[in-house]
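Structure record follows, encoded as structure tokens.
Here, each number is a calculation from the coordinates, and none is a lab measurement. Keep in mind it's a predicted model, so treat the numbers as computed, not measured. Counting neighbours? That spans all protein chains shown, and the Cβs are built from the backbone with ideal geometry, glycine included.
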Amino acid sequence: MVGYKAMLSDRLPHVVNIALKWCESKGRWVEHVYNTQVKIYVKKSDKDYAVRCVLGIAKRHPEFNFNDTIDWNNLSKDDNSHWKWVSDWVNWFQKSFCDIENIIKTSRLIGKLENDIIKEVCTTYLKDMEQESAEKLTKYILKNIDKRYA
């Protein structure tokens, strides 16, 4: 990726990036946002500002809001369903990731085994999920934490 698409991809808030990758929708999100919120402008300065607004790094738009990045009014039924599902995951990651990360870091500091950490996260934060899916998600989160602090 190059240009504005690369900017959208590279400057996403960390937790949103992880959520979009979990949903296997990061590339699709970049394409959607580029086509609906950046490509529509002609001037480079307008495109630059649009990207900063979308990412929540503009002075007048200092917060990232996933739902504002989706053009909900012009989606097919399938796309609407997909982005709603992704939005739910992004919201979950934004609410839960920091707490899970803290549990993992603290557990590692006191010497807990990886399997015990996975069980704790699954029973505390993912108890409504099927066990196999909860473990997969926890391992995904562990992998992303390890990458971030490697």
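For the range 3-148, the relative contact order is 22 percent, taking Cα pairs closer than 8 Å that sit 6 or more residues apart in sequence and dividing their mean separation by the residue count.
If R0 is 22 Å, the Cβ-Cβ spacing of residue 95 and residue 60 corresponds to a FRET efficiency of close to 0.30. For the range 1-86, the set of GluC sites (Glu not before Pro) satisfying both a DSSP loop assignment and a count of at most 11 other C-beta atoms within 10 Å is given as 24, 63. Panel values: the range 45-98, Kirkwood radius from alpha carbon pairs, Stokes-Einstein at 37 °C and 0.692 mPa s, translational diffusion coefficient 264 µm²/s.
Here's the picture: charge each Lys and Arg Cβ at +1 and each Asp and Glu Cβ at -1 in the range 1-61, and of 3, 41, 54 the one pushed furthest to the positive end of that dipole is 41. Give me the log10 of I(q) over I(0) for the range 3-148 at q = 0.12, 0.13, 0.21 Å⁻¹, as the Debye formula computes it from C-alpha points; what are the numbers? The Cα Debye sum returns log10 ratios of -0.57, -0.65, -1.26. Cross-link partners for residue 43 among the lysines, with Cα-Cα distance under 20 Å and sequence neighbours closer than 8 places in the same chain left out: 5, 59. Stretched out straight at 0.36 nm per residue, the stretch from residue 84 to residue 43 would grow longer than its current Cα-Cα span by 11.6 nm.
Cross-link pairs exceeding 29 Å between alpha carbons, from the set 21/127; 44/143; 127/147: 44/143.
Loop-located trypsin sites (Lys or Arg not before Pro) in the range 16-88 (DSSP state other than H, G, I, E, B) with a sparse environment of at most 10 neighbouring Cβ atoms within 10 Å: 43, 59, 60.
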